[in-house]
Amino acid sequence: MSLHPSMTTTIAEQLGADAPACIEAAIAKCTHELRPVPSDEKGRGEWRAAIDERLRRLAVKVLPTARAADTMEWREALADALSDLPAMISLTAAKRAIHRPFRFIGEIEVTVREIAAQLITEREERLVAMRRHRDAIDRALNPPAPLLGAPAPSPAPPRPEKVAFVNDWMRRHGLETRFAEDGSTYQEPPVGEAA
């Protein structure tokens, strides 16, 4: 048994009854990050504007002398290519790609996809861990009822004649073994004699 409290116990103690709600909020946030690119016109337009800004910065990094209009078709094509990734993952991966070195503009998609794959794996592992913690905290806050059977019925009180018989037997047995109520004490038999 460990002397250190488990993470579940620590979380349950710190958050108390709010623990399930906090874990559910974290699960919802992580799940939201794995949602696909919106299909509605407004949502897709907002995503395209955000991804285009990140791709424009990547294009400037690789081709610093090119004008924004010169890379417009490339950015539109790459935005379409990256639309199969979860929306938030694609935006985060494109943002992190700015820290990677590129020799050619064609390397950007490969790098963004590599970063996105790592992010997806991290989010999925985080979801599994949070669901496991949620279940453990739920068990800690709501322990199952013990699996005991119905209590045995109380036995009937002994009959007076049975009580008298047992008392008489114990008295006789006590006298025979020299442990009696009559005030006598047990004495060691002389050496060589059986008790």
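Every number in this text was worked out from the coordinates using simple rules, so none of it is lab data. The model shown is predicted, which means the values in this text are computed figures rather than measured ones. Neighbour counts run over all protein chains shown; Cβ positions are idealised from the backbone, glycine included.
Applying a DSSP loop filter and a limit of 10 other Cβ atoms within 10 Å to the trypsin sites (Lys or Arg not before Pro) in the range 25-103 leaves 67, 103. Could you work out the relative contact order of the range 7-141, using alpha carbon pairs under 8 angstrom and six or more residues apart, expressed as a whole percent? Reported relative contact order: 40 percent.
Given their separation in residues at 0.36 nm each and the Cα-Cα distance between them, residue 141 and residue 110 gain 6.5 nm when the chain is fully extended. Overall form of the range 72-122: oblate. Here a/c, set by the Cα gyration tensor axes a ≥ b ≥ c, is 1.5 or more, and a/b is not larger than b/c. Sparsely packed loop sites in the range 59-148 (the chymotrypsin sites (Phe, Trp or Tyr not before Pro) outside DSSP H, G, I, E and B with at most 10 other Cβ atoms within 10 Å) comprise 104.
Among 22, 30, a tally of other beta-carbon atoms within 10 Å of each Cβ gives an order, fewest to most, of 22, 30.
Here the simple spin-label model places points 7 Å from the Cα toward Cβ, and for residue 100 and residue 124 these points are separated by 1.9 nm.
Figure legend: label point modelled 7 angstrom from the Cα of residue 21 along Cα→Cβ; residues of the range 94-131 with amide N under 20 Å from it are 131. By its C-alpha gyration tensor, with a ≥ b ≥ c as the square roots of the eigenvalues, how is the range 20-158 shaped: rounded for a/c under 1.5, else prolate for a/b larger than b/c, else oblate? It is prolate, given that a/c is not under 1.5 and a/b is the larger ratio.
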